[in-house]
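Have a look at the structure below, then the notes.
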Amino acid sequence: MIFGGCWLGGGSRQLAAARECGKWPQAAATLAALSAVATRHCDNLTHRIRRADCLSLYTPAVWIVDGEAHETECSAWAAHVSVTDAWARATLPGQPVSGAYMKIKSDADARLVSVSSPAIAQVEVHEMRMDGDVMRMREVKAVDLPKGQVVTLQPGGFHIMLMNLKKPIAAGEIVPLTLVIESGGKRQNVEVKAEARAMTGMPQQPPR
């Protein structure tokens, strides 16, 4: 089982691994509660089923974390990533593009290498920057996430482009995004829900 990126194994190994991983101490309590429920249920069964088979139904092979299933050791996740203030621009009918913005913080040096969405066919990471006297936008292959620093994706800088929209994004609509973060040669997915905000009177940056 995976909890917070940590392989928790099975049986008593789950609690031991949870203690070793350390970042998510609630894992031990969660697993203990799950074990207690499973034991009570399986001990009370009156029909013919082996107790071991019953208990196995309560022990998933993996724990889904941030939308991705991992089957690796604790070291598989080289970074813990948090995302806050995620939002997207609402669009008008016929408008083919929009943008998404957020704040990202990693507890280890990492990079944002790609973004995708089940709701939008084409998603790219772009940067706005001055080229002489002209502000230009270009696609970038990655955005550095220095350890412990908050990196802000915002209008006028790094941002996520939502392209080839098939329908308008209404204010209040939730845009699901999957960030692919790379750290230490390993990659992990971070699921983000960005709420669309109307363009009229909308500040250039999300309110703090």
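Across segment 171-193, what is the number of residues that are farther than 12 Å from ALA119 by Cβ and either among the hydrophobic types (A, V, I, L, M, F, W, C) or loosely packed, with under 14 Cβ neighbours inside 10 Å (or both)? Full working, then the answer.
Pass one, segment 171-193, residues farther than 12 Å from ALA119 by Cβ: 171-172, 179-192.
From the residues that got through so far, the ones that are either among the hydrophobic types (A, V, I, L, M, F, W, C) or loosely packed, with under 14 Cβ neighbours inside 10 Å (or both) too are 171-172, 179-181, 184-185, 190, 192.
Going through segment 171-193 one residue at a time, the tally reaches 9.
Pairs, please: C-beta under 7 Å, at least 6 apart or cross-chain, first residue surrounded by fewer than 19 Cβ atoms within 10 Å (Cβ to Cβ) and in segment 77-98, second polar (S, T, N, Q) and assigned to a loop (DSSP other than H, G, I, E, B)?
If the second residue must be polar (S, T, N, Q) and assigned to a loop (DSSP other than H, G, I, E, B), the pairs left are PRO96/ASN164.
For segment 80-128, what are the residues that are among the hydrophobic types (A, V, I, L, M, F, W, C) and touching a Gly at 6+ places or on another chain (Cβ under 6 Å)?
Within segment 80-128, the subset among the hydrophobic types (A, V, I, L, M, F, W, C) is 81, 83, 86-88, 90, 92, 97, 100, 102, 104, 108, 110, 112-113, 115, 119-121, 123, 125, 128.
The one that is among the hydrophobic types (A, V, I, L, M, F, W, C) and touching a Gly at 6+ places or on another chain (Cβ under 6 Å): MET128.
Hey, can you tell me all the residues within segment 101-114 that are part of a loop (DSSP other than H, G, I, E, B) and either hydrophobic (A, V, I, L, M, F, W, C) or in contact with a Pro (Cβ under 8 Å, 6 or more places away or on another chain) (or both)?
ALA108, ASP109
Yes/no matrix, rows are residues, columns are (1) over 25 Å from ALA90 (Cα atoms); (2) hydroxyl-bearing (Ser, Thr, Tyr):
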| site | (1), (2) |
| --- | --- |
| GLY132 | yes, no |
| GLY148 | yes, no |
| THR152 | no, yes |
| GLY156 | no, no |
| ASN164 | no, no |
| ALA170 | no, no |
| GLU173 | no, no |
| LEU177 | no, no |
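Being in contact (Cβ under 8 Å) with a residue 40 or more places away in the chain and within 17 Å of the chain's Cα centre (by Cα) is the filter; apply it to segment 121-147 and report the residue that is surrounded by the fewest Cβ atoms within 10 Å (Cβ to Cβ).
So, considering only residues that are in contact (Cβ under 8 Å) with a residue 40 or more places away in the chain and within 17 Å of the chain's Cα centre (by Cα), the one surrounded by the fewest Cβ atoms within 10 Å (Cβ to Cβ) is ALA142.
Throughout, read-outs are computed from the coordinates displayed, never taken from laboratory work. Since the structure is predicted, the reported quantities are computational estimates derived from the model, not experimental observations. Every residue, glycine among them, receives a Cβ derived from its backbone with ideal geometry; neighbour counts consider all protein chains shown.
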